[in-house]
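A short write-up of the structure that comes next.
Values quoted throughout were computed directly from the atomic coordinates according to the rules given, and no laboratory measurement underlies them. Just so it is clear, the structure is predicted and the values come from calculations on it, not from any experiment. Neighbour counts are summed over all protein chains in view; Cβ atoms, including those assigned to glycine, are modelled from backbone coordinates with ideal geometry.
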Amino acid sequence: QVQLVESGGGLVQAGGSLRLSCAASGSIIILNAMGWYRQAPGKERELVARLTRGGSTTYADSVKGRFTISRDNAKNTAYLQMNSLKPEDTAVYYCLGNLLGKDYWGNGTPVTVSS
């Protein structure tokens, strides 16, 4: 069982930055991958960024060059650094951890970008 808790969301002006954190209940070293997804009102949940245990990253085209996913194994925490935020980045951001083929989700943290 893996429990994930997101934090760091909030209200920011366009062009600003936020760093989201995802704290895991146990060691994240054992997780096959961690990722960030987002869901805007009226839209489906979509992948934002994903980081495998081996260090490979995947980003949505819409965030490439602006967002960076990382993890600190010593702190059992993953991060999403979001720069140059746009109003279209407004959504609830969810952390995902994959362990042995099973996905675990956090409860989400809201991000609102004002124009």
Next item on the list: In nm, give the distance between the simple-model label positions of Lys102 and Asn32, each being 7 Å from the Cα along the Cα-to-Cβ direction.
Entry: 1.3
Item checked: Label-reachable residues, the range 50-72, where backbone N falls under 12 Å from a point 7 Å from Ser84's Cα toward its Cβ -> 62-68
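For the range 15-63, run through the trypsin sites (Lys or Arg not before Pro) and keep only the ones in DSSP coil with at most 11 other Cβ atoms within 10 Å of their Cβ. Don't skip to the end; give the middle numbers.
Numbers: sites: Arg19, Arg38, Lys43, Arg45, Arg50, Arg53; in loops: Lys43, Arg45, Arg53.
When the trypsin sites (Lys or Arg not before Pro) of the range 15-63 are filtered for loop state and at most 11 Cβ neighbours within 10 Å, Lys43 remain.
Per 0.36 nm of contour for each residue apart, how much would the distance between Gln3 and Gln39 grow if the chain were fully extended, relative to their Cα-Cα spacing?
Stretched fully, the Gln3-Gln39 segment lengthens by 11.0 nm.
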Check: Can you list the lysines whose alpha carbon sits under 20 Å from that of Lys86, skipping same-chain ones fewer than 8 residues off?
Finding: Lys43, Lys64
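Might you report the magnitude of the Cβ-based charge dipole of the chain about its Cα centre, with Lys and Arg at +1 and Asp and Glu at -1, to the nearest 20 debye? Before the final figure, lay out the partial values.
Working: 12 positive and 8 negative charges, 39 e Å.
Charge dipole, the chain, about its Cα centre: 180 debye, nearest 20.
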